[in-house]
Amino acid sequence: MQLHHDPSTDPQSVTAQDRERQRIAEATAAFLAGGGQIEQVGHQMQDANPAFVINPRKTPVYAHLFVQPETEPLRAKVQPVATVALAEAEIEVEQLQDEQPAQHQVVEKARCSGLSSAQLAARLMVQAKLGASPKVAAEAVGIPEKQARQLARDFRFTFPRQR
């Protein structure tokens, strides 16, 4: 403690403060008794007509505190209807002549014209997780292989098998 503490810089003790307070009070009383006057200057800081006034009702910090509640009953706001159409795969059913008429072959045509690049990338990611190569995944999604590889680079995912 002696390394980090210097007792010579300690604040004055209470008795020293009391003595100084008493000395100032006696000097002030002697000055006033000799006919001196104390000028009050603190009131000069206040201007009668201040040029700069902060209105708390108009400041962004306090304005919300002065908002009165509405007298009308609360109503739910109308939410805009989403105009996004879900992409659905078209399914064609072809009847094979060699087999019985009850059996059908299902051929799926994927529509990629109305899909965004993010949606195409999501479909490619699914194919990649299933273990497809870029060519097989592109055929499944319905886009060229070049576009499938470009989307994989853009969205930073890889196919486990190449070609």
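Figures for the structure shown
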| item | result |
| --- | --- |
| Peptide ranges 23-32, 146-155 listed from the most packed, as the mean C-beta count within 10 angstrom indicates | 146-155, 23-32 |
| Highest to lowest packing among 123-136, 55-68, scored as the average C-beta count within 10 Å | 123-136, 55-68 |
| Gyration tensor verdict on region 116-163 (Cα atoms; rounded if a/c is under 1.5, prolate if a/b is larger than b/c, oblate otherwise) | rounded |
| Integer Hz, Karplus 6.51/-1.76/1.60 couplings in order for region 27-34, x for Gly and Pro | 5, 5, 5, 5, 5, 5, 5, x |
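Only the coordinates and a few stated rules stand behind these numbers; no lab work does. Bear in mind the structure is a predicted one, so any value in this text is a computation, not a measurement. Because the Cβ atoms are built from the backbone with ideal geometry, glycine has one as well, and the counts that use them run over all protein chains shown.
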